[in-house]
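**Student:** Got a structure for you, questions after.
Nothing in this text is a laboratory measurement; each read-out follows from the coordinates by a stated rule. The structure displayed is predicted, hence computed values, not measured ones. Here the Cβ is made from the backbone with ideal geometry for all residues, glycine too, and neighbour counts use every protein chain on show.
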Amino acid sequence: MRVLVACEESQRVCIAFREMGHEAFSCDIKDCSGGHREWHIKCDVIEHLKTVEPFYYDLIIAHPPCTYLSVAGASNFCNKSTGYINEERFEKQRVAREFFMFFYNYPYCKRICIENPRAMKSAALPPYSQVIQPYDFGDDYSK
């Protein structure tokens, strides 16, 4: 299976798929820290996906940044001194949502997984199809 792990510089997921015999690649605008530059595509993942033929990847796993989407950042959404919406943060949320929705609506891959925490209502993301916690796999942590 040909796998693309988007927004992954660490290569942890990419390497795990490689160990299982898949042709996996990480893609990020950052240099990879996983030690396998030959499996890393350093560029904007949207630009990369525009250059490959349709259905080139069998699976896309995306880890879009959640800084402006997550409920964890909700307290920064309003200006504390004025009580009004922080327009700069609102615009960054719009851009982050657009990036998330690119993967959600990408028509040229049959299997797409997008990792993201619970989103603020203002992010207006589609409902998630499942919730997976680290403790489901033996860790002591939840997200």
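**Student:** Once every DSSP H run of n ≥ 4 in the chain is given -39500 (n - 2.57) and the sum is divided by its residues, what mean residue ellipticity at 222 nm do you get, rounded to the nearest 500 deg cm²/dmol?
**Tutor:** -7000 deg cm²/dmol
**Student:** May I ask what percent, to the nearest 5, of DSSP beta bridges between residues of segment 2-128 are antiparallel?
**Tutor:** About 10 percent, rounded to the nearest 5.
**Student:** Another question, then. For the chain, with only Lys/Arg (+1) and Asp/Glu (-1) charged at the beta-carbon, what is the dipole magnitude about the Cα centre, in debye rounded to 20?
**Tutor:** 420
**Student:** Relative contact order for the chain: what is it in percent, counting Cα pairs under 8 Å that are at least 6 residues apart?
**Tutor:** Numbers: 218 pairs, mean separation 30.8, N = 143.
Relative contact order here is 22 percent.
**Student:** Where does the charge balance sit around PHE100 when Lys and Arg score +1, Asp and Glu -1, over other residues with C-beta under 12 Å from its C-beta?
**Tutor:** That sum, taken over residues with Cβ under 12 Å, equals 0.
**Student:** Hey, what does the equivalent ellipsoid look like for the chain, semi-axes from the Cα gyration tensor as sqrt of 5 times each eigenvalue, largest first, whole Å?
**Tutor:** Those come to 29, 18, 15 Å.
**Student:** Here's another thing I want to ask about it. Quick check for you: which residues of segment 53-95 have the amide N under 18 Å from the point 7 Å beyond the Cα of TYR128 toward its beta carbon?
**Tutor:** The answer is 61-75, whose backbone nitrogens lie closer than 18 Å to the label point.
**Student:** If Lys and Arg each add +1 and Asp and Glu each add -1, what is the summed charge of the other residues whose beta carbon sits under 13 Å from the beta carbon of ARG37?
**Tutor:** So the surrounding residues net to -2.
**Student:** So how do VAL45, VAL71 line up by other beta-carbon neighbours within 10 Å, fewest first? Spell out each step's value before the answer.
**Tutor:** Working: VAL45 23, VAL71 14.
Placing the least packed residue first, the sequence is VAL71, VAL45.
**Student:** Considering the dipole of segment 6-141 built from charges on the beta carbon (Lys and Arg +1, Asp and Glu -1) around the Cα centre, which of SER81, GLN133, SER10 is farthest to its positive end?
**Tutor:** SER81
**Student:** Okay, moving on. Please arrange LYS121, LYS92 by counting, for each residue, the other beta carbons lying within 10 Å of its beta carbon, fewest first.
**Tutor:** Lowest count first: LYS121, LYS92.
**Student:** Give me the distance between the Cα centres of segment 1-68 and segment 98-116, rounded to whole Å.
**Tutor:** 13
**Student:** If you take every residue apart from GLU9 with its C-beta less than 12 Å away from the C-beta of GLU9, what net charge results, scoring Lys and Arg +1 and Asp and Glu -1?
**Tutor:** Value of the local net charge: +1.
**Student:** May I pose another question? Where does helix 87-104 land angle-wise versus the long Cα axis of the chain, in degrees 0 to 90, nearest 10?
**Tutor:** Between the helix axis and the principal axis of the chain, the angle is about 30 degrees.
**Student:** If you don't mind, another one. Multiply the residue separation of SER33 and PHE77 by 0.36 nm, subtract the distance between their alpha-carbon atoms, and state the gained length in nm to one decimal.
**Tutor:** Once the chain is fully extended between SER33 and PHE77, it gains 12.7 nm.
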